[in-house]
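The values are calculated or read from the model by the stated rules, or taken from the named source; none is laboratory data. Quick caveat, the model's predicted, so the values are computed rather than measured. Virtual Cβ from ideal backbone geometry, glycine too; neighbours counted across all protein chains shown.
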Amino acid sequence: MKKPYEKQNSYYIMKAWCDATVRSLFSSIRSVGKDNIPADGAVLLAPNHCNTLMDALVVLQDWKPATLFGARADIFRKPLLNKTLRFLRILPIPRVRDGIQEVLHNRETMDEVIDALDHGMKYCMFCEGTHRPRHSLLPLKKGIVRTALLAHERLGDRKPVYIVPMGLEYQDYYRLQTSLAIRYGEAINVSAFVASHPEMGDAEVYRKILGELKERMSTLITYLPDDGQYDGRWALTKIAGRPAAMAAGTELVEEAAAFDRQRKERQLSFWSFGYKRPVLCAVLKLLSGLVLLPVFLFDAVVAAPMWGLSAYLVRGLKDKAFTRTALFGVKFLMNPLVVLAWSLVFFLCLPFPLALPAFLLLLFAHKFFYGMLNEGRIFLSDLRLLFGHKDLKARYARLATQAQALKDSIPND
């Protein structure tokens, strides 16, 4: 089997389709801070982990070269899956609970990782250890520091080793055609840190680097602490921004949490509360919806195999955090077949002047269909709020007034 850093044409063909599929699931992807990636050393990427496999996929698509990833070792036990994962540049990371034999094999994995780093590959490790769809961070695991220190021992005399903090900020963890921001923070030079602190023991080195890494990662996302008031602070963040949410007292936070629970129970979108001219917005949305309705119906028909299967799979998920991953898998596997089948229908059954535009619409049918579904969901929420729920509108207005007052009272840096 080839080394992870060795080029395989079949891998890059698959990666191109994978990257295109990932990008098609978002309305926009904004990547900032790549100039923080050092060009003179071995680079370990450390993103937050909030959206299962989708996190790895969005990191992968952000770089033209391949990125190396780690995954829990127990899924590598089946030979076919082991071969497939290694082809995808994913290596097994043993955990203590996997058994002592698996942990002993970790040395082999580390040899592969350091070899890949030495050949210029980036290694991505989700150092929280597990995913959680929240704008927060779980305690960071030691694995990324251990890997960086091992790399420094073997490569430090030739090239420095860096850990680059990353922030993945999803507008929505579950719905398609929403935005994503990928942010790279200032790198931690592990080699320089070790060289400048020769008196530190291993435990202190781990603590210091992990503490600094968490601090830098928290600045790259809308970070809200796990203080038991997350829901209320997140609602206030959407109203007036994080500074106001963090400055809010317990009473205001609890009122925001109660408002958000009630809003969800009544199936009202947060977006529906922020319009200054709700009637005008509703009329404009209705008119644009009527104009685009024929295209939406066309897209619904041709994309039906994909969205039908997606709806079935998502309904059966125990962990809703896998929603986007399931939707990605359906489109990645089915879209070429659906496009091929409908293309044959169009070009065999329709005159060319009709078949060509139908084919062009087909290429974007899945993306446009989910975008229109989102807009339709918000429009229905707008109508429900326009003709009722006066208590919630009044509650939102009070929250917005108090949150804005807090925001205005915070000194600008």
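Residue count for the stretch 153-168, restricted to those that are more than 19 Å from ALA195 (Cβ to Cβ) and either in a loop (DSSP other than H, G, I, E, B) or basic (Lys, Arg) (or both): 0.
If you go through the stretch 140-178 and keep only what is at pLDDT 95 or above and of a type in the set (Ser, Thr, Tyr), you end up with TYR162, TYR170.
State all residues of the stretch 186-242 that are closer than 30 Å to ARG261 by Cβ and either surrounded by fewer than 16 Cβ atoms within 10 Å (Cβ to Cβ) or among the acidic types (Asp, Glu) (or both); if no residue qualifies, say none. First the steps, then the outcome.
Applying the first criterion (closer than 30 Å to ARG261 by Cβ) to the stretch 186-242 yields 214, 217-242.
Residues satisfying the conditions are THR219, PRO225, ASP226, ASP227, GLY228, ASP231.
For the stretch 385-413, the set of residues classified as loosely packed, with under 15 Cβ neighbours inside 10 Å and either in contact with a Ser or Thr (Cβ under 9 Å, 6 or more places away or on another chain) or part of a helix (DSSP H, G or I) (or both) consists of LYS390, ASP391, ALA394, ALA397, ARG398, THR401, GLN404, ALA405, ASP408, SER409, listed by residue number. When VAL295, VAL283 are checked against the criterion of being touching a residue at least 40 places away in the same chain (Cβ under 8 Å), assigned by TED's automatic domain parsing to the domain that holds SER381 and of a type in the set (Val, Ile, Thr), VAL295 stands alone in meeting it.
If you go through the stretch 337-354 and keep only what is touching a residue at least 40 places away in the same chain (Cβ under 8 Å) and under 25 Å from GLN61 (Cα atoms), you end up with nothing.
Taking only pairs six or more apart or across chains, which ones have beta-carbon atoms under 9 Å, a first residue in the stretch 385-404 that is without any contact (Cβ under 8 Å) to a residue 40 or more places away in the chain and outside the structural domain of GLU254 (by TED's automatic domain parsing), and a second residue that is among the acidic types (Asp, Glu) and outside any helix (DSSP H, G or I)? As it stands, the answer is none, since no pair meets every condition given. Of all residues in the stretch 178-193, those satisfying the criterion of being in contact with an Asp or Glu (Cβ under 9 Å, 6 or more places away or on another chain) and more than 18 Å from GLU128 (Cα to Cα) are THR178, SER179, LEU180, ALA181, PHE193.
Pairs under 9 Å by beta carbon, first residue assigned by TED's automatic domain parsing to the domain that holds ALA151 and part of a loop (DSSP other than H, G, I, E, B) in the stretch 185-196, partner surrounded by fewer than 17 Cβ atoms within 10 Å (Cβ to Cβ) and of a type in the set (Val, Ile, Thr), six or more apart or different chains? Short answer, once both residue conditions are applied: GLY185/THR219; ALA187/ILE37.
Looking only at the stretch 355-367, how many residues end up being under 22 Å from SER179 (Cβ atoms) and crowded, with 19+ Cβ neighbours inside 10 Å? Qualifying residue count, the stretch 355-367: 3. Do we have PRO357 as closer than 30 Å to LEU57 by Cα, out of contact with any Gly (no Cβ under 8 Å at 6 or more places or on another chain) and either at pLDDT 95 or above or of a type outside the set (S, T, N, Q) (or both) here? When the stated conditions are applied, PRO357 does not pass them. Looking only at residues that are touching a Ser or Thr at 6+ places or on another chain (Cβ under 7 Å) and crowded, with 18+ Cβ neighbours inside 10 Å in the stretch 50-61, which one is modelled with the lowest pLDDT? For the stretch 50-61, the residue satisfying everything is THR52. Residue count for the stretch 307-354, restricted to those that are buried (at least 16 other Cβ atoms within 10 Å of the Cβ) and over 28 Å from LYS15 (Cβ atoms): 1. Please return the ranges of helices (runs of 4 or more DSSP H) entirely within the stretch 221-275 where 3 or more residues are closer than 21 Å to LEU180 by Cα and either outside the structural domain of ARG183 (by TED's automatic domain parsing) or under 23 Å from the mean Cα position of the chain (by Cα) (or both). Output list reads 230-240. Being modelled with pLDDT under 65 and out of contact with any strand residue (DSSP E or B) (no Cβ under 9 Å at 6 or more places or on another chain) is the filter here; which residues of the stretch 70-108 pass it? Result: VAL96, ARG97, GLY99, ILE100, GLN101, VAL103, LEU104.
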